[in-house]
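**Student:** Got a structure for you, written out below as structure tokens; questions coming shortly.
The values are calculated or read from the model by the stated rules, or taken from the named source; none is laboratory data. Computed from a prediction, not measured in an experiment: that's the story for all the values here. We place every Cβ from the backbone using ideal geometry, glycine too, and count neighbours over all the protein chains shown.
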Amino acid sequence: MIAIMKRESAQKRHRISISAVFVPSLLLSGCAVGPDFEKPNAPAPSTWSGLLEMSSTRLPSRVVTEPMDVTWWRRFNDPVLTSLVARAAKANLSLRAATVRLAQARAQRGIAGADQFPLLRGNASYTRAKPSEKGVFSIMSHLLGGGNTASAASGAGAGTAASGTGIGVVGIPAAHIKPFNLWQYGFDAAWELDLWGRVRREVESADANVEASAEAHRDLLLSVLAEAARDYIELRRVQKSRALTQENLAAAQESLTLTQQRAASGLVSDLDVAQARTQLASLEAQIPQLEQQEIQAVNRLGLLLGEPPRALQAELTTYRPVPPVPPRVPIGLPSELARRRPDIRQAEAQLHAATADIGVAVADFYPRITLSGSVGLQALQFKDLGNWAARQYALGPSLTLPIFEGGRLKVTLELREAQQQEAAIAYHNAVLKALHEVDNGLTAYVDEQRRNDALAQAVQSSREALDLARRRYRVGVSDFLPVLDAQRTLLQTAQDYTNSTSTLATNLVALYKALGGGWESPGEMTHADVPAK
């Protein structure tokens, strides 16, 4: 009865000791040292700096504060452009690399999250051992008086000695210990009690890094979409310029023929013929350069789509005009910019990760408590491994307390705080940069429309001037020089108008990129599993 009471008392004390360890950990399980992350406020104006008023109703394309179209490339109403954008989003090699980086960030998060759970390992080993006769055991005979046993020396029986195998009997010479086998298997377990939230802060930082990697992927996707649209617009501009040059080349050939006929009749001098021939040769010299630019534009698109050089040549050589801008351009509200731009969202996630890293650094100042244990079987013969008497175990907590580390912990904390300050500055810089890009994009888009209208009128006036100069030349009222001047003026103004039309479309692409639109498009647009928020 007394033995039973003693056993119950021992069990009660054991339960109390376990409670003394686990209850504080449960009470502190919600505690995490270091600052908690708070979403920063992104400063945004109430309106787009008055630029909406600059976009008057007489302009062909108006900027409005309606919800932004995330598939903005469809507003150009060009099926080839829409196809190229979709293919670039799926096949671009830089995007594939970004997808792999995102997978790496998710794997790092999994590694950090594993520290929240106990570590359990199985082990098994077999050892064949024989102590050295000239090793540690060789000094036993000297220590114990010329080879006497431990019982003879101390009357206490046997003890353990630290040989190479950890097995030996004090007082027994090594020469008397025969080779032996040691069989063992079992399990080891360890679990760090996250009392101060160090592991939770590491997981929080890893989650934020995954988010930052996802936003980097979206930002790259947005850049690829915009680059595909810009390269396509440039291709159509070059093709339009070549078509204009070909038209002027035909007109120059006609003028040269007419001038040669008039020179043969003695109506004009050979100087007019030479001038006409010079004009024709000058136009012919522009064709190879434009063909080179066309191939380069095709190859840039091919590179975006992960294709070899000239792979898209047969598909894109068919002439199409520069995509026209839509009559209405919805751009949303300034307050939506910070939640739509991937680079701002990435900077916010990086700030979150830097804030969580401070908590990790603070937690390193506190002690770490780890519960560890092992259980297994050990025997000199394999058949005895199933014997209950072969069992062995070890259980108990361990405490690690930093006492002196040469200032490493303090300097690490200072480093993490400085990194957080840098991340906060980078976030505000990203917001400010976005506002500037949108403002500049709006200004460029509105002003280019005005320039485009003026150039369209200039082209019309140049055509009328050329027609008048040709009529005057044919009837002999003037020489060939006014015709040459009119041809040069028309070619230049027409090229300027074509370039302006291309610039207008490119400015609209830049505006949409500055607004951060495009990455929210449906899942079939990308090959990566990047969830939209």
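**Student:** Let me spell it out: the conditions are (1) modelled with pLDDT under 90; (2) farther than 23 Å from R96 by Cα, and A465 meets all of them except one. Which number is the exception?
**Tutor:** With respect to (1) modelled with pLDDT under 90; (2) farther than 23 Å from R96 by Cα, A465 is out only on (1).
**Student:** Quick one: in region 232-249, of everything that is touching a helix residue (DSSP H, G or I) at 6+ places or on another chain (Cβ under 6 Å) and over 16 Å from Q293 (Cα atoms), which residue is modelled with the lowest pLDDT?
**Tutor:** Only one residue fits best here, namely N248.
**Student:** On to the next question. Against the definition (farther than 30 Å from L371 by Cα and buried (at least 16 other Cβ atoms within 10 Å of the Cβ)), how does A274 come out, yes or no?
**Tutor:** No.
**Student:** Follow-up. Could you list, ordered by first residue, the pairs with Cβ atoms under 9 Å in which the first is in region 27-51 and modelled with pLDDT under 85 and assigned to a loop (DSSP other than H, G, I, E, B) and the second is hydroxyl-bearing (S, T, Y) and crowded, with 17+ Cβ neighbours inside 10 Å, at least 6 apart or interchain?
**Tutor:** A42/Y427
**Student:** Hey, another quick one. Picking from L432, L491, which residue would you name as being closer than 30 Å to L333 by Cα and part of a helix (DSSP H, G or I)?
**Tutor:** After applying the criteria, what remains is L432.
**Student:** Go through region 183-208 and give me each residue that's of a type outside the set (D, E) and in contact with a His (Cβ under 9 Å, 6 or more places away or on another chain).
**Tutor:** Answer for region 183-208, where residues must be of a type outside the set (D, E) and in contact with a His (Cβ under 9 Å, 6 or more places away or on another chain): S205, A208.
**Student:** Which residue is surrounded by the fewest Cβ atoms within 10 Å (Cβ to Cβ), if the candidates are limited to region 377-429 and must be of a type in the set (S, T, Y) and either without any contact (Cβ under 8 Å) to a residue 24 or more places away in the chain or not in a helix (DSSP H, G or I) (or both)?
**Tutor:** Of region 377-429, the ones of a type in the set (S, T, Y) are 393, 398, 400, 412, 427.
Keeping just the survivors that are either without any contact (Cβ under 8 Å) to a residue 24 or more places away in the chain or not in a helix (DSSP H, G or I) (or both) gives 393, 398, 400.
On the way: Y393: 11, S398: 11, T400: 9.
Per the stated criteria, the residue is T400.
**Student:** Exactly one condition in (1) over 30 Å from L95 (Cα atoms); (2) of a type outside the set (K, R); (3) at pLDDT 85 or above is not met by A505; state its number.
**Tutor:** For A505, the failing item is (1).
**Student:** May I ask you to say which residue of A297, A252, A274, A229 is without any contact (Cβ under 8 Å) to a residue 60 or more places away in the chain, part of a helix (DSSP H, G or I) and either hydrophobic (A, V, I, L, M, F, W, C) or in contact with a helix residue (DSSP H, G or I) (Cβ under 6 Å, 6 or more places away or on another chain) (or both)?
**Tutor:** A274
**Student:** Something else about it: Return the only residue of G373, G332, G386 being under 33 Å from the mean Cα position of the chain (by Cα), small (G, A, S) and more than 30 Å from Q421 (Cα to Cα).
**Tutor:** Matching residue, one of G373, G332, G386: G332.
**Student:** Can you name the residue in region 255-271 that is touching a helix residue (DSSP H, G or I) at 6+ places or on another chain (Cβ under 8 Å) and among the aliphatic types (A, V, I, L, M) and is also nearest to Y319 (Cα to Cα) among such residues?
**Tutor:** The extreme case among them is L256.
**Student:** In region 190-218, how many residues are charged (D, E, K, R) and over 16 Å from the mean Cα position of the chain (by Cα)?
**Tutor:** Of region 190-218, the ones charged (D, E, K, R) are 192, 194, 198, 200-202, 204, 207, 211, 215, 218.
So of that shortlist, the ones also over 16 Å from the mean Cα position of the chain (by Cα) come out as 192, 194, 198, 200-202, 204.
Here the count works out to 7.
**Student:** Tell me, which residue of region 116-144 that is assigned to a loop (DSSP other than H, G, I, E, B) and touching a helix residue (DSSP H, G or I) at 6+ places or on another chain (Cβ under 6 Å) is modelled with the highest pLDDT?
**Tutor:** It comes out as Q116.
**Student:** For A354, all conditions in the list (1) modelled with pLDDT of 95 or more; (2) exposed (fewer than 15 other Cβ atoms within 10 Å of the Cβ) hold save one; what is the number of the exception?
**Tutor:** Of the numbered conditions (1) modelled with pLDDT of 95 or more; (2) exposed (fewer than 15 other Cβ atoms within 10 Å of the Cβ), the odd one out for A354 is (2).
**Student:** Continuing with the same structure: Residues T443, T355: which one is touching a Leu at 6+ places or on another chain (Cβ under 7 Å) and of a type in the set (S, T, N, Q)?
**Tutor:** T443
**Student:** Another question about this same structure. Name the one entry in L280, L267 that is at pLDDT below 85 and on the phi < 0 side of the Ramachandran plot. Give the derivation first.
**Tutor:** Working: L280 fails: at pLDDT below 85.
Answer to the selection: L267.
**Student:** Of all the residues that make up region 176-210, how many are of a type in the set (D, E) and surrounded by 21 or more Cβ atoms within 10 Å (Cβ to Cβ)?
**Tutor:** Summing the residues that are of a type in the set (D, E) and surrounded by 21 or more Cβ atoms within 10 Å (Cβ to Cβ) in region 176-210 gives 3.
**Student:** To continue, here is another question. Restricting attention to region 307-338, which residues are part of a helix (DSSP H, G or I) and either farther than 22 Å from V509 by Cβ or at pLDDT 90 or above (or both)?
**Tutor:** Q313, A314, E315, L316, S335
**Student:** Any idea how many residues of region 54-98 are crowded, with 20+ Cβ neighbours inside 10 Å and within 15 Å of the chain's Cα centre (by Cα)?
**Tutor:** 4
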